[in-house]
1. Select, from B:L61, B:L31, B:L57, the only residue that is of a type in the set (A, V, I, L, M, F, W, C) and either outside any helix (DSSP H, G or I) or closer than 28 Å to A:G92 by Cβ (or both).
2. Inspect all residues belonging to region A:76-84 and state whether any of them is among the acidic types (D, E), touching a strand residue (DSSP E or B) at 6+ places or on another chain (Cβ under 7 Å) and either surrounded by 20 or more Cβ atoms within 10 Å (Cβ to Cβ) or touching a residue at least 12 places away in the same chain (Cβ under 8 Å) (or both).
3. Hey, B:G51 hits all of (1) over 16 Å from the mean Cα position of the chain (by Cα); (2) closer than 30 Å to A:L113 by Cβ; (3) modelled with pLDDT under 95; (4) surrounded by fewer than 19 Cβ atoms within 10 Å (Cβ to Cβ) but one; which does it fall short on?
4. Output yes when any residue across region A:72-82 is touching a Lys or Arg at 6+ places or on another chain (Cβ under 7 Å) and facing another protein chain (nearest Cβ under 7 Å), and no when none is.
5. Identify, from the list B:L40, B:L57, the residue that is touching a Phe, Trp or Tyr at 6+ places or on another chain (Cβ under 7 Å) and under 26 Å from A:D146 (Cα atoms).
6. Exactly one condition in (1) surrounded by fewer than 16 Cβ atoms within 10 Å (Cβ to Cβ); (2) at negative phi; (3) within 11 Å of chain A (Cβ to nearest Cβ) is false for B:R41; which is it?
7. Within region B:21-38, how many residues turn out to be free of Cβ contacts under 8 Å to residues at least 40 places away in the same chain and either more than 7 Å from chain A (Cβ to nearest Cβ) or buried (at least 21 other Cβ atoms within 10 Å of the Cβ) (or both)?
8. Would you point out the residue of region A:7-17, among those that are surrounded by fewer than 21 Cβ atoms within 10 Å (Cβ to Cβ) and within 7 Å of chain B (Cβ to nearest Cβ), that is farthest from the chain's Cα centre (by Cα)?
2 protein chains.
Amino acid sequence: MDDDWNRLDYSAANCSVARTLQIVGEKWSLLLLREAFFGLRRFADFERALGCARNLLSERLATLVEHGLLERVPYREPGQRERQEYVLTEAGLELLPAVMALLQWGDRHLADLARPPVVVRHLGCGAPVAVHLGCAAGHEHLAATDVAAFPGPGALRAA
Amino acid sequence: MDDDWNRLDYSAANCSVARTLQIVGEKWSLLLLREAFFGLRRFADFERALGCARNLLSERLATLVEHGLLERVPYREPGQRERQEYVLTEAGLELLPAVMALLQWGDRHLADLARPPVVVRHLGCGAPVAVHLGCAAGHEHLAATDVAAFPGPGALRAA
């Protein structure tokens, strides 16, 4: 590892954080994914839970479908026309750690009297679940100060 | 655990994800935190790395300082006036899992030929670091389908 690399020698143009935020980097998109993780699937339910304008909601749902995070699945209530539900794809489910990391930070720093409104549990044993950092050699629960970023195989030199 | 709770019976008004996004839920804020994790501290360096308008940058830095994620630390280059650096606080460092989760998702789904531009390593052993879900009973590397959200002690019933 070259400890002395200088961030400014590298381009941020191909940054994976920025690319992800181009898809979900808007408040309603992440809140919509939160509701999908909490089990909602229907337009009217998302609208009710989020209190978001219908046109915004419909735009954000379309973006998440377009990028493969949600898929449309038809359903029909008795006596109604066919409608679409929005179901998390595998790629969508893989964003759960990002939503949970935001949840966890808010629970710790911003929740009313530190009483979290939502608890995520391991279905296998019922214990609360948290996001943490672990390395490929098996060291778990690393602190931010235990880790550092280095240029990877796809790093581009700055112009 | 009450498996049959209905999300719509509860209010989203005190959601910790939404509260966190009120502070960092804007593309430049998360990218700015990314750069701070990558080691940048100075206004001119953030500006160069992000290519963001100066007024936006200065507004986002002020918000992150106001909410205790960054703190201003004075420095002075020889022959120059005193300036301020922006250094991550403990609360700011605790957002690393959120930034890393976005990075990881982008590396997996959006990186050029799956060659990540940045690799985060454990300083203790050099192995690459990832974000994952683990439960308080010690079950690690849980999938999104192994976990579910339930109303917590601070849950509010919907009006």
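The values are calculated or read from the model by the stated rules, or taken from the named source; none is laboratory data. Bear in mind that the values here come from a model prediction, so they are computed numbers and not experimental data. Neighbour counts run over all protein chains shown; Cβ positions are idealised from the backbone, glycine included.
1. Values: B:L61 fails: either outside any helix (DSSP H, G or I) or closer than 28 Å to A:G92 by Cβ (or both); B:L57 fails: either outside any helix (DSSP H, G or I) or closer than 28 Å to A:G92 by Cβ (or both).
Every option except B:L31 fails the conditions.
2. Step one: of region A:76-84, the residues among the acidic types (D, E) are A:77, A:82.
When the remaining residues are screened for being touching a strand residue (DSSP E or B) at 6+ places or on another chain (Cβ under 7 Å), the result is A:82.
Narrowing the set further to residues that are either surrounded by 20 or more Cβ atoms within 10 Å (Cβ to Cβ) or touching a residue at least 12 places away in the same chain (Cβ under 8 Å) (or both) leaves none.
Taking every residue of region A:76-84 in turn, none turns out to be among the acidic types (D, E), touching a strand residue (DSSP E or B) at 6+ places or on another chain (Cβ under 7 Å) and either surrounded by 20 or more Cβ atoms within 10 Å (Cβ to Cβ) or touching a residue at least 12 places away in the same chain (Cβ under 8 Å) (or both).
3. (2)
4. Checked region A:72-82: no residue is touching a Lys or Arg at 6+ places or on another chain (Cβ under 7 Å) and facing another protein chain (nearest Cβ under 7 Å).
5. Working: B:L57 fails: under 26 Å from A:D146 (Cα atoms).
That would be B:L40, the only listed residue that is touching a Phe, Trp or Tyr at 6+ places or on another chain (Cβ under 7 Å) and under 26 Å from A:D146 (Cα atoms).
6. Here B:R41 meets the rest and fails (1).
7. Start the filter on region B:21-38 by keeping residues that are free of Cβ contacts under 8 Å to residues at least 40 places away in the same chain, which leaves B:21-22, B:25-29, B:31-32, B:35.
Of the ones still in play, those that are also either more than 7 Å from chain A (Cβ to nearest Cβ) or buried (at least 21 other Cβ atoms within 10 Å of the Cβ) (or both) are B:21-22, B:26, B:28-29, B:31-32, B:35.
Number satisfying all stated conditions: 8.
8. Filtering region A:7-17 down to residues surrounded by fewer than 21 Cβ atoms within 10 Å (Cβ to Cβ) leaves A:7-11, A:13-14.
With the extra rule that they be within 7 Å of chain B (Cβ to nearest Cβ), the set shrinks to A:7-8, A:14.
Details: A:R7: 26, A:L8: 28, A:N14: 20 Å.
The extreme case among them is A:L8.
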